[in-house]
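One structure is given here, and the rest of the page talks about it.
The values are calculated or read from the model by the stated rules, or taken from the named source; none is laboratory data. Just so it is clear, the structure is predicted and the values come from calculations on it, not from any experiment. When we count neighbours, we look across all protein chains shown, and the Cβ atoms used for this are built from the backbone with ideal geometry, even at glycine. Remember, those area values only see protein heavy atoms, side chains included, never the ligands or the DNA or RNA. Shrake-Rupley method; radii C 1.70, N 1.55, O 1.52, S 1.80 Å.
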Amino acid sequence: MNYWPDSKCEENSFYLYDIDLAKSEITEILKSKPDFLKIFFATKANPLSSFLKLFNELGINIDVASSGELHQATKCGFDSSKIITTGPAKSKPYLKKFLESGVKIFVIESPQQLIELNELSANYQNIEVLLRVQLEWKEGESVLGGNNITPFGISMDDWKKINFSNFNNIKIIGLHTFQWGNILKKKELFNIWEEAIKKLVTFSKNMNIKLDVIDLGGGLGVPYHNQECDYGINEVYSNLKILKEKYNLKKIWVEWGRFLTGKYGYFFSKIIDIKQVRAKEIIVIDGGLNHFARAALTDEYFPCNSKNEGNRKYSIHGPLCTGLDYHGTFELDENLKVGDWLCFSNTGAYGFTESMPYFLCHQTAAEKIIQNSKIITVRKSVEASEYLV
């Protein structure tokens, strides 16, 4: 990505997504995809229409976890047959809306959801279900729970209390589990998948549940500051093939989000101030956690670069009145000045829609895309006067 905003540009912070590069690389990724694998895009990573339309064009399915995401998916052309719905909060009106929209595949996360979906499905045909299983792990934490107790699904012991013969209006086609995200080491990724599959296969046999599908969720990593990923897509496909054959699986589904959009996003923000505080160089930028909140949530920072390389260390802070608005320490150009731009990369996932745009009433960040070699603004920056009531 060779684009860099002009130093005289008066715009505020903005996201830029390289749709052209995404199309080229994801097309190549799909060429070697094994037939037993079905890929869904996890909309929560980035619901931008430009990405969703691209994935629909490329034949990728879609995972939605809210009515808003469902609306976005259908607006971008996804047929209901390509939609799966996940997420712990599915009320009866929510389930009814999805059924009325033609969605036929539901990840069920509780007995209540199972009861209500079965009741509603009396008026529909061919409604399929994956039961989400929350597995126990010896150690480790994740934003999706890891070994912690979370609202995602229920345990195998809890599912064992359910008499599945009571649910005649739905068809259980398999099991779903996903408790680990952004895994960057192939050995760790493979071990988590294998441990989960072993437990789910045993559970399905004990419960006499037909296991046509195992859904492993997401988990593929995108490296952030001071991180590296030690595998490529062919190693992912190879490991999944090994597991399919070893455990005699029929189909494996995955819900990849960050992996499909992360590397194609950039966040540009202008330097507002440069100062020294107790011998530390501080840069204050126009954009902050109100524009990209991930750092405050995870203590992992988007990689940052200046237009010219350098070796002076700067701590980067946003404009908000909180010490949480910190975005990492980086070696940047020693000649930086007020008005120059910084670029944060790998911001194509969990950026704009994970932010806190209204906190402190700053302008929102714009969103732009590179498509057909042109830069197009798809969302303008909005002044607080336009959204405050």
For region 61-103, name all the residues that are in contact with a strand residue (DSSP E or B) (Cβ under 6 Å, 6 or more places away or on another chain), assigned to a loop (DSSP other than H, G, I, E, B) and more than 19 Å from T150 (Cβ to Cβ).
-> F78, V103
Residues in region 179-186: is at least one at pLDDT below 95 and either outside any loop (DSSP other than H, G, I, E, B) or more than 20 Å from A349 (Cβ to Cβ) (or both)?
-> yes
When (1) open to solvent by 10 Å² or more (accessible area, probe 1.4 Å); (2) under 22 Å from L175 (Cβ atoms); (3) touching a residue at least 12 places away in the same chain (Cβ under 8 Å); (4) of a type outside the set (D, E, K, R) are applied to G59, the one that fails is (2)
Number of the exception - W4 against (1) open to solvent by less than 60 Å² (accessible area, probe 1.4 Å); (2) among the aromatic types (F, W, Y); (3) more than 15 Å from the chain's Cα centre (by Cα); (4) within 30 Å of G288 (Cβ to Cβ) = (1)
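Can you pull out the residues in region 292-316 that are of a type in the set (A, V, I, L, M, F, W, C) and either on the phi > 0 side of the Ramachandran plot or loosely packed, with under 13 Cβ neighbours inside 10 Å (or both)?
L297
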Find the residue count for region 26-48, including only residues that are loosely packed, with under 15 Cβ neighbours inside 10 Å, part of a helix (DSSP H, G or I) and touching a residue at least 24 places away in the same chain (Cβ under 8 Å).
-> 2
Pairs where the first residue, in region 79-90, is among the hydrophobic types (A, V, I, L, M, F, W, C) and the second is crowded, with 19+ Cβ neighbours inside 10 Å and part of a loop (DSSP other than H, G, I, E, B), C-beta under 8 Å, 6+ apart = I83/V103; I84/V103
Do you know which of the residues in region 33-64 that are out of contact with any helix residue (DSSP H, G or I) (no Cβ under 6 Å at 6 or more places or on another chain) and among the small types (G, A, S) is nearest to A349 (Cα to Cα)?
-> A42
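To keep it simple, each residue is scored yes or no on (1) open to solvent by 70 Å² or more (accessible area, probe 1.4 Å); (2) among the polar types (S, T, N, Q); (3) without any contact (Cβ under 8 Å) to a residue 40 or more places away in the chain.
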residue: L342; (1), (2), (3): no, no, no
residue: T347; (1), (2), (3): no, yes, no
residue: F352; (1), (2), (3): no, no, no
residue: E383; (1), (2), (3): yes, no, yes
Expected output for region 183-199 (first residue closer than 24 Å to L211 by Cβ, partner open to solvent by 40 Å² or more (accessible area, probe 1.4 Å), Cβ below 6 Å, 6+ apart or cross-chain) is I197/Y247
For region 5-24, the count of residues that are touching a residue at least 40 places away in the same chain (Cβ under 8 Å) and assigned to a helix (DSSP H, G or I) equals 4
Does any residue of region 136-150 turn out to be touching a Lys or Arg at 6+ places or on another chain (Cβ under 6 Å), open to solvent by less than 30 Å² (accessible area, probe 1.4 Å) and either within 30 Å of A295 (Cα to Cα) or part of a helix (DSSP H, G or I) (or both)?
-> no
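Name the residue that is nearest to E281 (Cα to Cα), counting only residues in region 354-375 that are touching a strand residue (DSSP E or B) at 6+ places or on another chain (Cβ under 7 Å) and open to solvent by less than 40 Å² (accessible area, probe 1.4 Å).
A365
Out of all the residues in region 227-266, which are outside any helix (DSSP H, G or I) and out of contact with any Phe, Trp or Tyr (no Cβ under 8 Å at 6 or more places or on another chain)?
Taking region 227-266 as the starting set, the residues that turn out to be outside any helix (DSSP H, G or I) are 227-232, 247-257, 265-266.
Selection gives Q227, E228, C229, D230, Y231, G232, Y247, N248.
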